[in-house]
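Structure provided below as structure tokens; questions to follow.
No value in this document is a laboratory result; all are computed from the given coordinates. Being a predicted model, the structure only gives us computed values, none of them experimental. Cβ sites come from the backbone with ideal geometry, for glycine too, and all protein chains shown count toward neighbours.
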Amino acid sequence: MGETEIIFFAIKLILGGIIAFLAIMLWSRTRDFSWMFLVLAAVTGYSSIVFDLLLRLGFVSVKKILLLGNEIPLIQLLLAVIPSLFVIISFIIMLYKTRR
């Protein structure tokens with residue numbers, strides 16, 4: 001890894017760690033489903049950053065699946081999609097609550 005990649009990952013880890021910490025603090029204070037899904041999105045987003053770093057450093061390997069004619073790492077695909085799904089679910093719950 002080059003120096004710029006190290007700096008990039010350091011910034012992502014620091015900011016992602018702050019986001020995950022604050023999300024967990026919020027989780028302990030609220031029981032609202034919409035906020036809990038936002039918290040889950042933040043935590044899984046941070047785990048994606050950590051997994052990317054471990055993958056680039058060679059500590060983990062991934063199993064690839066064939067998707068649309070291309071080999072895609074399954075874990076990276078899930079870690080990229082799941083935070084967005086949690087945010088979508090959270091917004092849907094918030095919209096549903098405001099309709100009443």
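For labels at Val81 and Glu5 in the simple 7 Å Cα→Cβ model, what's the distance in nm?
For the pair Val81/Glu5, the computed spacing is 2.6 nm.
With +1 assigned to the C-beta of every Lys and Arg and -1 to the C-beta of every Asp and Glu, and no other charges, what is the dipole magnitude of the chain about the Cα centre in debye, to the nearest 20?
Around 540 debye, computed over the chain.
Could you tell me how far the Cα centroid of the stretch 22-47 sits from the Cα centroid of the stretch 59-94, in Å?
19 Å
Looking at the stretch 42-88, which trypsin sites (Lys or Arg not before Pro) are in a loop (DSSP not H, G, I, E or B) and have at most 13 other Cβ atoms within 10 Å?
Hits after loop and neighbour filter: Lys63.
Sort the chain into rounded, prolate or oblate with this rule: let a ≥ b ≥ c be the square roots of the eigenvalues of the Cα gyration tensor; rounded if a/c is under 1.5, and if a/c is not under 1.5, prolate when a/b is larger than b/c, oblate otherwise.
Oblate, because a/c is 1.5 or more while a/b does not exceed b/c.
Can I ask one more? Any idea which of Phe21, Leu68, Gly58 is furthest toward the positive side of the dipole for the chain, if Lys and Arg beta-carbons carry +1 and Asp and Glu beta-carbons -1?
Projecting each Cα onto the dipole axis, the largest value belongs to Phe21.
Using the basic label-point model (7 angstrom from Cα toward the beta carbon), what is the Leu68 to Ile92 distance in nanometres?
2.1 nm
Which residue fluctuates most in the GNM of the chain (Cα springs below 10 Å): Ile88, Ile11, Ile19?
Of Ile88, Ile11, Ile19, the Gaussian network model singles out Ile11 as fluctuating most.
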